[in-house]
1. On the given criteria, is residue B:18 modelled with pLDDT under 85, assigned to a helix (DSSP H, G or I) and not basic (Lys, Arg)?
2. Which one of A:180, A:246, A:212, A:237 is away from chain B (no Cβ under 14 Å) and not polar (S, T, N, Q)?
3. Out of B:64, B:94, which single residue is within 27 Å of residue B:167 (Cα to Cα) and either in contact with an Asp or Glu (Cβ under 7 Å, 6 or more places away or on another chain) or away from chain A (no Cβ under 14 Å) (or both)?
4. Do the conditions hold for residue B:269, that is, is it at pLDDT below 90 and either farther than 29 Å from residue B:232 by Cβ or among the aromatic types (Phe, Trp, Tyr) (or both)?
5. Kindly provide the set of residues from the stretch B:149-161 that are more than 14 Å from chain A (Cβ to nearest Cβ) and surrounded by 13 or more Cβ atoms within 10 Å (Cβ to Cβ), ordered by number.
6. Take the residues of the stretch A:106-139 that are charged (D, E, K, R) and away from chain B (no Cβ under 14 Å): which is surrounded by the fewest Cβ atoms within 10 Å (Cβ to Cβ)?
7. Assuming residue A:190 fulfils every condition listed in (1) under 20 Å from residue A:270 (Cβ atoms); (2) more than 21 Å from the chain's Cα centre (by Cα) apart from one, which condition is it?
8. Return the only residue of A:156, A:117, A:139 being out of contact with any Pro (no Cβ under 7 Å at 6 or more places or on another chain), under 29 Å from residue B:248 (Cα atoms) and touching a residue at least 40 places away in the same chain (Cβ under 8 Å).
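The values are calculated or read from the model by the stated rules, or taken from the named source; none is laboratory data. Keep in mind it's a predicted model, so treat the numbers as computed, not measured. All Cβ positions, glycine included, derive from the backbone under ideal geometry; neighbour counts span all protein chains shown.
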Amino acid sequence: MTAANRSPWQRLLKIPTAVLGLAVIAAICLVALLSAFGVELTPFAYDQTSSDYLAAPSWLHPMGTDELGRDLLARIIYGARLSIAIGLTTALTAFLIGSVYGAIAGFSSPKVDALMMRGVDIAYSLPDLLVMILIGVVMGRGTFGILIALGLVSWMGTARLVRSQFLTLKNEEFIEAAYAQGQSNLNVILKHLLPNALGPIIVALTFTVPSAILSESTLSFIGLGLSPPACSWGTLASDGWRSLRAHPHLIFFPSLFIFITVLSFNFLGDGLRDALDPRTRLGKGK
Amino acid sequence: MFSLIIRRILMSIPVLLIVASLTFALVRIVPGGPFDSEKSLPPEIVANLNAKYHLDKPVHEQYFLYIGRLCRGDLGVSYKYVNRTVNDILFDAFPVSCQLGIVALGLAVIFGVPLGAIAALNRGKRQDVLAMFLSTMGVSLPGFVIGAVLIYVFAIKLRILPVGLWESPWHVILPAVTLAFSPGAYLARLTRASVLEVVEKDWVRTARSKGLSEEKTIVRHILRNSLMPVVTVLGPLTAIVITGSFVVEYIFAIPGMGRFFITAVMNRDYDLILGTTMVFAVLLIVANMFVDIVYQWLDPRLRME
């Protein structure tokens, strides 16, 4: 059996970095979920203070404690909920806005389409962080405000993708057949076009999650994102930054988790892209 | 060529107007003004301050006043840095950010482009996997983590480079390296994709089949042709560097535009927010315009039109 004959899923499982990424993501999501359902994974609660403050990593506190004596591991597990949730919600928002916008553009007259895509081009060329900071000025710096800002800067890639997929697929015979059966536009889009365009969309969304996690942590780090008592990996790293000189573990561990998670999503995204399109593979020869 | 430049400049005016209007609207919707601080000022003083800065006028009047001033190149006054106009502040901050950005972009090109080319020319081999692993690391590491690690190692532990500020050439090294990671990784990926595409072209096969040495084929036919897309990403690269500068200038306490933008947002310093955003917008437009012009110049097929 040659590589091209296998299903995308089988091909994905042949890429070591993608499997590693998938495993790490699954583990982190599992921990975040368990914590969200109230399972206590550490002997300390995330907000439990103690007199043992700014302790270096030890058996009792594997990642040390912060300036209020709170266990850093417990806080990182708690922060995982918010960071992962922000990443996934942004991907979902990008998918919803992007596919509606892209579908409308792909189905409209060439003039409307050109105008809509010109708008996307301009929005796409602006630095995300700049736009997010400006939106944050209006929306406030709570979780909701951050989610709106992230959603508003993340959908353009999906919109472009959905549009181009629709433009190519629109003239295929199976679409003609669906219309011949008397199916409505909406039905054709939802039942025939979207499922067939799903592969590249999933790849794009897999890259949206890590970039959302990065944007949120960066915003929180420079003090324009979430602020305490909200607890994400970004706010934890921001807290740790202030004591970099004396207590580097406080910034090291949150950063490590951001890095591992983002890297895993990027590996998975690369793997998915290669699995869905064998031509781009890192494989041997041509 | 000349008419192209003129046309692009004229086309950028409505875009700038839209950016100015949108930013103005965004900033003015916000609850709270620049003079709401923790220690509340007496109401008479607030009223006087508002009157001085025309904040007591209806919003549409403020808008026309603002656009009018913009057209004369006057970006207004900072509410927080007393007695300094936004023009003054940006006049000092722009060169700082510019130097930092150019050094970082230079580093990104010096490291990113060869990395991508080596990866593509050794496709599937160890060098390729390693290069792509490095570039994936580059995009996965947040700027503040790179900066924190560099500061910890080189400034705190080894004490060979300064922790921050912007004084001597030594102060440029750590921030520029931090800022270079993300565009470097982007360039490496782009170069790899571009070289892989060119390698498959007919002219490369022709070059090989006429007995040209491998080195000459690579330098004259593959690299030269695959660098074209790399030249044209100056627009996105400028955007990446601007984004990075927010973090890097914050971490290293560099008095550049990114840092002033962030403090302006924190202080609700309206005119400074608007002014910095306008400068960023102009920068992006100029970068994209430059790309269009270089593209025409590089590709004779486009020059004909």
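1. Values: modelled with pLDDT under 85: no; assigned to a helix (DSSP H, G or I): yes; not basic (Lys, Arg): yes.
The answer is no for residue B:18.
2. Details: A:246 fails: away from chain B (no Cβ under 14 Å); A:212 fails: away from chain B (no Cβ under 14 Å); A:237 fails: away from chain B (no Cβ under 14 Å).
When all the criteria are applied, what remains is A:180.
3. Working: B:64 fails: within 27 Å of residue B:167 (Cα to Cα).
Going through B:64, B:94 in turn, the sole match is B:94.
4. Numbers: at pLDDT below 90: yes; either farther than 29 Å from residue B:232 by Cβ or among the aromatic types (Phe, Trp, Tyr) (or both): yes.
Considered against the rule, which asks whether it is at pLDDT below 90 and either farther than 29 Å from residue B:232 by Cβ or among the aromatic types (Phe, Trp, Tyr) (or both), residue B:269 comes out as yes.
5. Narrowing the stretch B:149-161 to residues more than 14 Å from chain A (Cβ to nearest Cβ): B:160-161.
Listed by number, the list holds a single entry, B:161.
6. First, pick out the residues of the stretch A:106-139 that are charged (D, E, K, R): A:111, A:113, A:118, A:121, A:128.
Add one more test, that the residue is away from chain B (no Cβ under 14 Å), and what stays is A:111, A:113.
On the way: A:111: 8, A:113: 16.
Ranking the candidates gives A:111 first.
7. The single condition residue A:190 does not satisfy is (1).
8. Working: A:117 fails: under 29 Å from residue B:248 (Cα atoms); A:139 fails: touching a residue at least 40 places away in the same chain (Cβ under 8 Å).
When all the criteria are applied, what remains is A:156.
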